[in-house]
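Worksheet: one structure, shown below.
The values are calculated or read from the model by the stated rules, or taken from the named source; none is laboratory data. Since the model is a prediction, treat every value here as computed from it, not as a measurement. Virtual Cβ from ideal backbone geometry, glycine too; neighbours counted across all protein chains shown. For accessibility, only protein heavy atoms count, side chains too; no ligands or nucleic acids. Shrake-Rupley method; radii C 1.70, N 1.55, O 1.52, S 1.80 Å.
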Amino acid sequence: RVSQAQGIVGNGIGFPTHIDNAFYRTALVINTCVYDDFEKEIPGSGVKLRPGIFGENMVVSDPLLHPRVVCVGDIYRIGSAKFVVTGPRMPCPKVDAYVGVKGLTALGKRFGWTGYFLRVIEDGECSVGDSFVLQSRPFPNLSITTIQMSLWGEDEEKNESEEFLRALSE
């Protein structure tokens, strides 16, 4: 069961009460496709990654759900519930130590590889194996990776212009 008021009912990872704006962070999605991205940048890191390592409560393996593709504001139906993508995850610096690979946090922060958050916008049921069905994409230029790189990327990748920040705030 998924509810706007309670998040993912019965899931101790989702809807944490110790973080600000938990309402907008009902679920953390990780796409296992990013394991290959990490491996290309830090050889040997991909084999150390596994579902749950970043504290996510939804794991997908679909190129169409990669942070390069998924955009803030995207609305997905998962089972009978409906979710909106609210933003990228700022990775915890403890990940490097936990996994034993230096640089994972920095790469995840730069490219959005450590996941993105969903908020419930329509109560319902969802379970393992349910597909993410894209309902709408109102902001096709605001992918998770674009946002990450614009805010926290290398200097030449950053875009802190008023126009970008206004679009992001909308």
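The accessible area of Ser136, taken with all protein chains in place and a 1.4 Å probe, comes to roughly 40 Å².
Heavy-atom accessible area with a 1.4 Å probe sorts Lys102, Lys109, Lys94, largest first, into Lys102, Lys94, Lys109. Charged neighbours of Val72, selected by a Cβ distance under 15 Å, balance to +4 (K, R count +1; D, E count -1). How much of the accessible area of the range 41-170, in percent, comes from carbon and sulfur atoms when a 1.4 Å probe is used? Percent of accessible area from carbon and sulfur atoms in the range 41-170: 53. Which lysines have a Cα less than 24 Å from the Cα of Lys109, not counting those fewer than 8 places away in the same chain? Here the lysines satisfying the reach criterion relative to Lys109 are Lys40, Lys48, Lys94, Lys158. At the residue level, Glu154 shows approximately 90 square angstrom of accessible surface with a 1.4 angstrom probe and all protein chains present. In order along the range 51-61, the Karplus-derived 3J(HN,Hα) couplings, from 6.51 cos²θ - 1.76 cosθ + 1.60 at θ = phi - 60°, round to x, x, 5, 9, x, 6, 10, 9, 10, 10, 9 Hz, and Gly and Pro are given as x. For Cys33, the accessible area of its heavy atoms, probed at 1.4 Å with every protein chain present, is near 40 square angstrom. Phi angles of the range 80-86 translate, via the Karplus equation with coefficients 6.51, -1.76, 1.60 and θ = phi - 60°, into HN-Hα couplings of 9, 8, 10, 10, 10, 6, 9 Hz per residue; Gly and Pro are given as x.
Accessible surface computed residue by residue for the range 1-151, with neighbouring protein chains in place and a 1.4 Å probe, gives 48 Å² per residue.
When the Cα centres of the range 129-170 and the range 52-72 are compared, how far apart do they sit, in Å? Between the Cα centre of the range 129-170 and that of the range 52-72, the gap is 14 Å.
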